[in-house]
Every structure is written in structure tokens, then in C-alpha cells.
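Please treat every number below as a calculation from the coordinates, not as lab data. Bear in mind that the values here come from a model prediction, so they are computed numbers and not experimental data.
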Amino acid sequence: MPSIESLGVVLLGFLLGSFPTAYLTGKWRRGIDIRGVGSGNPGATNIGREVGVASGILVLAVDAAKGVVAIVVGQRLGVPPTTLYFTALAAVVAHNFSPFLGFRGGKGAATVLGISMLMLWQITAISGAIGLLALAATRHVVWAMTAVFIALNALTIATGQPLGQIILCIVLSLLVACTHFGRQRAYLLPALANRDWRRFMSID
């Protein structure tokens, strides 16, 4: 049976993950509901476009720290690695489906990368560099992030990381992908049906 400390750390991950950073930043800086402007996504990219780069960076930093803080607390308390993995998952799930926003939130990319940077910083740094190259080539953040997550998973497996970390990386990446592409299906499906690759590649 999980200890009180383990349950508390997972709950902390969920509570921190559910904090609606982008929504509150939009209200604070511009008095807007970020869900109703731009791409409609309450995340750092949309805040950066609609409110300002500085605000986007702020949201990115806070969202990236959500899982990190909870995991560090868990490490200090000496909870087992499995608890840390569930804490990471709780933070991302809560970010993507925040109870404060009617169980709809961001896409989880920043939160996952924050967790990855804490656990596997060298692999994450290399994956980030690959993402920058993809961004320069495609000019689209979503495809750059896709490259980051593909590289992250490939390198985690190739470098022989612990099985728990490999599974966590795959699960979190799938969660981000399913959340993102699931919300864009009304845009993507017609593009695929019509073989409109330009439209498909311009997904936000």
C-alpha cells in the first residue's frame, strides 16, 4: 500500500499541474481569456503570440516547473521511483485537463520537458537542439515539438535508461500527442482526406 508521503507527493503533482498559468497570465496582463483568442490553447506559445514574448516565457517557465517541484519534493522525502513516475504523470494529466478550466487545459509539452530536463537533462538538451533545427526547417512550433519528442524517446531507449523512465517518456509523449492532435481533428481530418499537405503541415 502506498505511504502517506507517496500519496501526498502524487497529489502535489496533480495540484501544481492543474494551476492555470496561461489563463491567469492572460487575465493579468491583458484582461483576456486566452482560450478565446489565437489558437485558443491556454499555453505558452499562444500567450507569447497574443500577449507578448515575456509573458510567454513566464508561462513556459512556470508550466515547466510544475512537475519538477513535485518530483524534487518527492526525492527529498525519499519516495520510491515509481511514485516519482506517477507524480510526473499526475502533473501532466492535471495540466492538460485542469479542473480549474473545466477539465480542459494546455497540451503538456512544457510540463513534460521540465520533467525530462530534471531526470535526463543531457538527452533533453540534445532533443531540444534537434527541435530547433526542425523549427528552422518547418517554421512551425508543433512540428519542432514533434521532433523533440521523437528524439527524446529514441535517445532514452538507445542510451539504455531504466525501464521505468522509458515507459514514462513514452506515456507522457503519447499523452501530449493525443491531447494536441485530438483537439485538432476537425482541422486535420479534412486536410488528410483532401491530401492538402500544406494545410496539414500548418497545424497549430
Extension gain I170-I150, at 0.36 nm per residue separation less the Cα-Cα distance, in nm?
6.3 nm
Karplus-derived 3J(HN,Hα) from phi for the stretch 53-70 (6.51 cos²θ - 1.76 cosθ + 1.60, θ = phi - 60°), whole Hz, x at Gly and Pro, runs 4, 4, 5, x, 5, 4, 4, 4, 5, 5, 5, 5, 7, 4, x, 4, 4, 5
